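First up is the structure itself, then whatever we jot down about it.
The values are calculated or read from the model by the stated rules, or taken from the named source; none is laboratory data. Just so you know, these numbers come straight off a predicted model, no measurement behind them. Using ideal geometry, Cβ is built from the backbone for each residue, glycine included, and neighbour counts are taken over all protein chains shown. The protein model used for the area step is the full one, side chains on, heavy atoms only, and it has no ligands, DNA or RNA in it. Shrake-Rupley method; radii C 1.70, N 1.55, O 1.52, S 1.80 Å.
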Amino acid sequence: MLAHLSDPHLACTARLQLRDLQGKRFKRILGRLRWHLKRRFRQDERLLTMLGNDLQQTGADHIAITGDLCHLSLAVEFAAARVWLEGLGDPAGLSLVLGNHDQYVATEEAQSWGLLLPWLRGDAQQAAEHRPAELEVFFPLVQRRGRIVLISLNTARPSALHLASGSIGTSQLERLQQILALLQGQGLFRIVLLHHPPGQGLLSRRRGLTDGAELRALLQAYGAELILCGHSHHCISSNLPGPSGPIPLLGAPSITSIEKQLEKRSRYYLIAIHEESPPPAANISSSDSNGWTITVRSRLLAPDGQSFIDGPEPQLFRLIPSR
C-alpha cells in the first residue's frame, strides 16, 4: 500500500537571519510576512507527529511526498525536514519530489537540497559511486518496487516575486520520454510524481506548470497508471488522457493544514493497487495483459484536530489493459 502526502511547509521564520534577506532574497521577506498574516493560522506542524503515528498504524509499504517540505527554503528548514524524514523510516521506502517553496530562491546545495540527498536517489543513483552536482541531473528519479515503478519529476524552480509556477524543462522531459518508452508494454504500474498539478485549467498561470502541455503529450503517447501531485492545497481528483484511457490524477492538500473547509483540511491518501487478469477471450498480448484496480482511501484530520480518521467513501479506479 502506498501513502501519498504533500506540502508540510516546515517554517522556521523566527530564525530568519539578516544574510537571508540580501540580494534577490527580498522574496523571503514577503514570504515571512504572508506566514505571519495568514499561513500560521491555517497550518500546524504539530500534525506531523500525529501523522507519523498514524502511518505506523495504517502500515503503508511506501510513502510518496510531493513537495514543499520547507516554506522559505532556509537551511534551518531543510535541516528540520531531514529530521522529519529520518523519522519516517528507511529512505528506500520513500519517494520525494521538491516543490516551489523548496526552491523559493536560488540556494547553495549544501544549505538546501543537499541535506536531503538520501531521499533524492533513484535505483540508478543508489548504485552510483558519485552523485550529480546539480539538482536537475537527479530527475527523473526511477524506483521499481516489484511491479510498481515510481517516476519522480522535479518542477521546483526559483521564481520571481508573486510567482509560484514550476517547470520540468526540456532535458528532463527528454529523459522522461526515454523512460516511459522503455517501460511501455511491460505490464508495470507506473506512478508519476510531481509537485505542480499537470492538468489543464487546475491552477492559474501564476501558480501553474509552464510546460504542462508537453508533459500531457508524453503521457498521452506513452501512458502511466497514476499521477500524484500537491501544490494546490486542496484535494484534486481528475484525469489526463492516456493511450488506453484516462489516467487518474490525484492531488493532496497540505498535510499540516488545519483549515475548516473539508477539501483543504489535512489528509493523506492510502492507495491500494491490485492486478486484474483480462477475460480469456481478450485479444491482448501477454507482455501487457493485466489491468489494474486502484482503491484510494483518505485519512482526514478529525474535527477536534486530535487524530486522523477515515475520510469519505474510497475512490475506485479500474484501468483497462494497454494495447
(request) Under 1.5 on a/c is rounded, so check that first for segment 189-255, then, if it is not, pick prolate when a/b is larger than b/c and oblate when it is not; a ≥ b ≥ c are the square roots of the alpha carbon gyration tensor eigenvalues. (result) oblate
(request) Please get the size of the charge dipole for the chain, origin at its Cα centre, with Cβ charges of +1 on Lys and Arg and -1 on Asp and Glu, quoted in debye to the nearest 20. (result) 1120
(request) Among the lysines, select those whose C-alpha is under 23 Å from the C-alpha of Lys27, and discard any that sit fewer than 8 residues away in the same chain. (result) Lys38
(request) Search the structure for amide H atoms under 5 Å from the amide H of Gly242, placed 1.01 Å from N in the peptide plane, and list their residues when 5 or more places away or on another chain. (result) Ile247
(message) Based on Cα coordinates alone, diagonalise the gyration tensor for the chain, multiply each eigenvalue by 5, take square roots, and list the semi-axes in whole Å, largest first.
(response) 32, 23, 18
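Can you figure out the FRET efficiency of Gln186 with Leu37, using R₀ = 56 Å and their beta-carbon distance, to the nearest 0.05?
Result of the calculation: an efficiency of 0.65.
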(request) With runs of 4+ DSSP H residues as the only contributors, calculate the mean residue ellipticity of the chain at 222 nm using -39,500 (n - 2.57) per run, divided by the residue total and rounded to the nearest 500. (result) -6500 deg cm²/dmol
(request) Would you work out if segment 50-209 is rounded, prolate or oblate? Take a ≥ b ≥ c from the square roots of the eigenvalues of the alpha-carbon gyration tensor; rounded if a/c is under 1.5, else prolate when a/b is larger than b/c, oblate otherwise. (result) rounded
(message) Relative contact order for the chain: what percent, with Cα pairs under 8 Å and sequence separation of 6 or more?
(response) 18
(request) Just subtract the alpha-carbon distance of Ala110 and Glu276 from 0.36 nm times their residue separation and send over the number in nm, one decimal. (result) 55.2 nm
(request) Counting only heavy atoms of the protein chains, get the accessible area per residue of the chain (1.4 Å probe) and round it to a whole Å² value. (result) 45
(request) Starting from the Cα of Arg145, step 7 Å along the direction of its Cβ; do the same at Asn239; then give the gap between the two resulting points in nm. (result) 2.5
